Amino acid sequence: MMDALINQNIAVSIGIANEELPMLADTPRNDLGSWYNPYENAGTWYNTYVRPYISKMPIEYIVIGDDAILGPYSEFLIPAMRNIMQVLRRFDQGSIKVTVAVSTSVLGKTFPPSQGIFKAGTRRIMVEVLQAIAGYKFSPVLMVNVYPYRYHAAGLIRQDFATFSAHKAVIHDDNNDYWNMLDALLDAFFSALRRENLTGIHLVVGASGWPSAGNGRFTTPALAATYNQNFMRRIVRRQGTPAQPTKPIDGFVYALFNENKKPGGPDQHFGLLKTDKTPAYSFLVPTN
């Protein structure tokens, strides 16, 4: 995949799978002597997956884990992240941002957005992760995976509010009006960050999308096209949120291909393309 992106002028984000975290989190053992390199595994990973491509493509992010908090690999998240940061410093690659990807499951409250807060069970590790990110370099970033589809499919919000199609504000929170669920969830994250005095953290939508099949009337090609077109239009316009209008939100559509090896249901159908590379539905990248 990396070879295919050489000299394509496409900014690249490299993800580290949760299963790789224990290896990258390897810590020094006192009985091995002073010659032991505590960053050996992280260095090997860097030399294999990053160093050969530094001059051949712009590498923007290294994403440590995917929704690893709180899961079986969460204890390895912070040491793995610190080891990767150390290796990047050693090779003078501080321009590559290091981040983690989390879902809205780390939030204890999302409505109203101004009351957003981290769950009691996730707060400690979230604060430790974010402090490490904030201390690494200028313009620290947290990647958040946000899926308004899941809230609509659960009967919690209206379809037009989920798909950026509302004709008026649906949520009124203090002086802020919310016309779509994505903005409401992002501002809930901003509120949680503010409560921890981490207002310098920027948010990037690491993944958002809508399945085109697998859950009846909630997952049609037309709905998937509407959501993803409107989501990308919002990203291209470099908009902020109602509570943070001066902080443009970047983001990524999930996913490029349908994934037929996932369990049956909507999770197999988030792709813009089918597994045979034909379009799952018509999708045009907005220009403004």
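Listed by first and then second residue, the pairs with beta-carbon distance under 9 Å, at least 6 apart or on different chains, first residue in the stretch 159-181 and over 19 Å from Y149 (Cα atoms) and at pLDDT 95 or above, second open to solvent by 100 Å² or more (accessible area, probe 1.4 Å) and outside any helix (DSSP H, G or I), are K168/W179; D177/K168. Only residues that are open to solvent by 40 Å² or more (accessible area, probe 1.4 Å), hydrophobic (A, V, I, L, M, F, W, C) and at pLDDT below 95 were counted in the stretch 89-117, giving 2.
Quick one: in the stretch 46-88, of everything that is of a type in the set (S, T, Y) and either surrounded by 15 or more Cβ atoms within 10 Å (Cβ to Cβ) or assigned to a helix (DSSP H, G or I) (or both), which residue is nearest to the chain's Cα centre (by Cα)? If we take residues in the stretch 46-88 being of a type in the set (S, T, Y) and either surrounded by 15 or more Cβ atoms within 10 Å (Cβ to Cβ) or assigned to a helix (DSSP H, G or I) (or both), then Y61 is nearest to the chain's Cα centre (by Cα). Applying the criterion of being closer than 21 Å to F257 by Cβ and among the aliphatic types (A, V, I, L, M) to the residues of the stretch 212-242, the residue that is surrounded by the most Cβ atoms within 10 Å (Cβ to Cβ) is A224. Of all residues in the stretch 253-270, those satisfying the criterion of being touching a residue at least 24 places away in the same chain (Cβ under 8 Å) and either among the acidic types (D, E) or touching a strand residue (DSSP E or B) at 6+ places or on another chain (Cβ under 6 Å) (or both) are Y254, D267.
Does the stretch 243-264 hold any residues that are closer than 19 Å to N176 by Cβ and in contact with a helix residue (DSSP H, G or I) (Cβ under 6 Å, 6 or more places away or on another chain), and which are they? Residues satisfying the conditions are A243, Q244.
Test T275 against the criterion of being among the hydroxyl-bearing types (S, T, Y), assigned to a helix (DSSP H, G or I) and more than 17 Å from P113 (Cα to Cα), and give yes or no. No, not satisfied. Taking the criterion of being within 18 Å of T220 (Cα to Cα) and either open to solvent by 60 Å² or more (accessible area, probe 1.4 Å) or among the aromatic types (F, W, Y) (or both), the residues of the stretch 244-266 that qualify are Y254, L256, F257, E259, N260, G264. Across the stretch 99-116, a minimum of one residue is classified as out of contact with any strand residue (DSSP E or B) (no Cβ under 7 Å at 6 or more places or on another chain), over 19 Å from G135 (Cβ atoms) and outside any helix (DSSP H, G or I). The set of residues in the stretch 118-139 that are open to solvent by 50 Å² or more (accessible area, probe 1.4 Å) and in a loop (DSSP other than H, G, I, E, B) comprises K119, K137, F138. S282 fulfils the conditions (1) in contact with a Pro (Cβ under 9 Å, 6 or more places away or on another chain); (2) under 24 Å from L185 (Cβ atoms); (3) polar (S, T, N, Q); (4) part of a loop (DSSP other than H, G, I, E, B) except for a single criterion, (2).
Note on the stretch 235-253: residues that are among the basic types (K, R) and under 13 Å from L186 (Cα atoms) total 1.
Assess whether L142 counts as being crowded, with 16+ Cβ neighbours inside 10 Å, farther than 30 Å from A222 by Cα and touching a residue at least 60 places away in the same chain (Cβ under 8 Å).
The answer is yes for L142.
Of everything in the stretch 89-98, what is without any contact (Cβ under 8 Å) to a residue 40 or more places away in the chain and part of a helix (DSSP H, G or I)? Give them in sequence order. The one that is without any contact (Cβ under 8 Å) to a residue 40 or more places away in the chain and part of a helix (DSSP H, G or I): R89.
The values are calculated or read from the model by the stated rules, or taken from the named source; none is laboratory data. All of these numbers come straight from a predicted model, not from anything done at the bench. Every residue, glycine as well, gets a Cβ built from its backbone with ideal geometry; the counts of neighbours run over all protein chains shown. Surface areas here come from the heavy atoms of the whole protein model, side chains and all, with no ligands, DNA or RNA. Shrake-Rupley method; radii C 1.70, N 1.55, O 1.52, S 1.80 Å.
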